[in-house]
Amino acid sequence: MIIEGVRPEVDGGRYPAKSCVGELVIVEADIYADGQDALAADLLYRAGGGAWTRVPMVELVNDRWRAAFPASQMTAYFFTIEAWVDHFATWRQGLAKKVEAGQDVALDLLIGAQLIEAALEHAPAKDAEPLRNAAAELAARTTVARRLEVARDPALGARMRDAYDGRLAT
């Protein structure tokens, strides 16, 4: 995983970038990895010695990512970027391609259930029960259409993003 071309920066971080109270500080970076896996990234920022706040970054074009945070007080702000391979999003992309090609996805749905179960170790407490339910539904012997509906649920994707294994992040 490579993170480079971070902006704003002045002289490679030697001097602080400047902003005004009330402005949004827009942070961009080039984030990429070898292969075709889906990536995810967060901007982490804090005012002075405060707690870190996490903001999801959005992919623009050509591996460029962006997020912003408000400069709400007159103080020094610190920010960093954390990126990782999003295995669940990668699985969803592969599943969509197989469905579009008319292939049998029963085994793929079981793999999705296993990915969700593995994520429970890192999931926020509020997401544990919905994730368990989604894993059970993907593994259930219901119709493929119903299980695909569960797999495509945007709320499930958001919960899985929040449950990533931070030990694998750059």
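Observations on the structure shown:
- Sequence-separation-based contact order of the range 47-170, relative, with Cα cut under 8 Å and 6+ spacing, percent: 25 percent
- Per-residue Karplus couplings for the range 97-113, computed as 6.51 cos²θ - 1.76 cosθ + 1.60 with θ equal to phi - 60°, are listed in order as 5, 5, 4, 4, 7, x, 7, 6, 10, 4, 5, 4, 5, 5, 5, x, 4 Hz, Gly and Pro entered as x.
- If the Kirkwood radius is taken over C-alpha pairs of the range 14-170, then at 4 °C and 1.567 mPa s the Stokes-Einstein diffusion coefficient equals 74 µm²/s.
- Calculated from backbone phi, Karplus (6.51, -1.76, 1.60) coupling profile of the range 35-43 in Hz, x at Gly/Pro: x, 10, 5, 6, 10, 9, 8, 10, 9
- For the peptides 6-19, 128-141, residues were scored by their other Cβ atoms within 10 Å and the scores averaged per peptide; the highest-first order is 128-141, 6-19.
- Neighbourhood net charge (14 Å Cβ-Cβ; Lys/Arg +1, Asp/Glu -1) for residue 70: 0
- Scanning residues 5 or more positions from residue 57 or on other chains, those with amide H under 5 Å from its amide H are 41, 42, 43, with H placed 1.01 Å from N in the peptide plane.
- Couplings 3J(HN,Hα) for the range 139-147, derived from phi with the Karplus relation 6.51 cos²θ - 1.76 cosθ + 1.60 (θ = phi - 60°), are 8, 5, 8, 8, 5, 4, 4, 5, 5 Hz, where x marks Gly and Pro.
- FRET efficiency, 1/(1 + (r/R0)^6) with R0 22 Å, evaluated for residue 136 and residue 103 via beta carbons: 0.40
- Rounded to 0.05, the FRET efficiency of the residue 78 and residue 162 pair, given R0 = 35 Å and the Cβ-Cβ distance, is 0.95.
Read-outs: derived from the displayed coordinates by stated rules, not from any lab. The shown structure was predicted, so the numbers you read here are calculated from the model rather than taken from an experiment. Backbone-built Cβ (ideal geometry, glycine too); neighbour counts: all protein chains shown.
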